[in-house]
Amino acid sequence: MLPKARKTKIDFDALGDQMLQLKEKLMREGVPEDAEAAYRYLYAYSLTPRSAEMAPAALTGLLDEAAAALDDGARERARRAARDLAACCMSPGSP
């Protein structure tokens, strides 16, 4: 594990479990067709340490592209939900 990552308050076990559950759901149900849901998941991913593995310009481009289909209210709802989704993995004892 990266030395800086060890110093964070991220519960990597919970993050891994959540990512596995999301992957299984996506494999089972497919990628959401709902633009707000797609943006929510992408934004949540952008808040995780794993997003550092992606080129920042590529991630920004994907976020901009996904956000273009949404109005301001939908973007804000998606961001709030994404922060909640990502926050569950940032504290010890997360499910």
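Which one of these is surrounded by 12 or more Cβ atoms within 10 Å (Cβ to Cβ), farther than 26 Å from Asp17 by Cα and in contact (Cβ under 8 Å) with a residue 24 or more places away in the chain: Ala35, Ala74, Ala66? Outline the logic, then answer.
Working: Ala35 fails: farther than 26 Å from Asp17 by Cα; Ala66 fails: farther than 26 Å from Asp17 by Cα.
Within the list Ala35, Ala74, Ala66, the selection yields Ala74.
Residues of segment 3-43 being closer than 17 Å to Leu70 by Cβ and either modelled with pLDDT of 80 or more or within 12 Å of the chain's Cα centre (by Cα) (or both), which ones? Talk me through it step by step, then tell me what you get.
Initially, segment 3-43 is screened for residues closer than 17 Å to Leu70 by Cβ, giving 31-43.
Those that are closer than 17 Å to Leu70 by Cβ and either modelled with pLDDT of 80 or more or within 12 Å of the chain's Cα centre (by Cα) (or both): Asp34, Ala35, Glu36, Ala37, Ala38, Tyr39, Arg40, Tyr41, Leu42, Tyr43.
Filtering segment 15-32 down to residues that are within 21 Å of Cys88 (Cα to Cα) and either in contact with a strand residue (DSSP E or B) (Cβ under 6 Å, 6 or more places away or on another chain) or not aliphatic (A, V, I, L, M) (or both), which residue is surrounded by the most Cβ atoms within 10 Å (Cβ to Cβ)?
Taking segment 15-32 first, the residues within 21 Å of Cys88 (Cα to Cα) are 15-26.
Retained after the next criterion (residues that are either in contact with a strand residue (DSSP E or B) (Cβ under 6 Å, 6 or more places away or on another chain) or not aliphatic (A, V, I, L, M) (or both)): 16-18, 21, 23-25.
Working: Gly16: 12, Asp17: 14, Gln18: 19, Gln21: 10, Lys23: 10, Glu24: 10, Lys25: 11.
Ranking the qualifying residues of segment 15-32, first place goes to Gln18.
Within the bounds of segment 51-61, is there any residue that is surrounded by fewer than 16 Cβ atoms within 10 Å (Cβ to Cβ) and within 12 Å of Ala78 (Cβ to Cβ)? Give the derivation first.
Narrowing segment 51-61 to residues surrounded by fewer than 16 Cβ atoms within 10 Å (Cβ to Cβ): 51-58, 60-61.
If we keep only those that are within 12 Å of Ala78 (Cβ to Cβ) as well, we get none.
Within segment 51-61, none of the residues are surrounded by fewer than 16 Cβ atoms within 10 Å (Cβ to Cβ) and within 12 Å of Ala78 (Cβ to Cβ).
Does segment 44-62 hold any residues that are closer than 20 Å to Asp17 by Cβ and either modelled with pLDDT of 90 or more or touching a helix residue (DSSP H, G or I) at 6+ places or on another chain (Cβ under 7 Å) (or both), and which are they?
Those that are closer than 20 Å to Asp17 by Cβ and either modelled with pLDDT of 90 or more or touching a helix residue (DSSP H, G or I) at 6+ places or on another chain (Cβ under 7 Å) (or both): Ala44, Tyr45, Ser46, Leu47, Thr48, Pro49, Ser51.
The values are calculated or read from the model by the stated rules, or taken from the named source; none is laboratory data. This is a predicted model, so every value here is computed, not measured. As a convention, Cβ positions derive from the backbone with ideal geometry for all residues, glycine included, and neighbour counts pool all protein chains shown.
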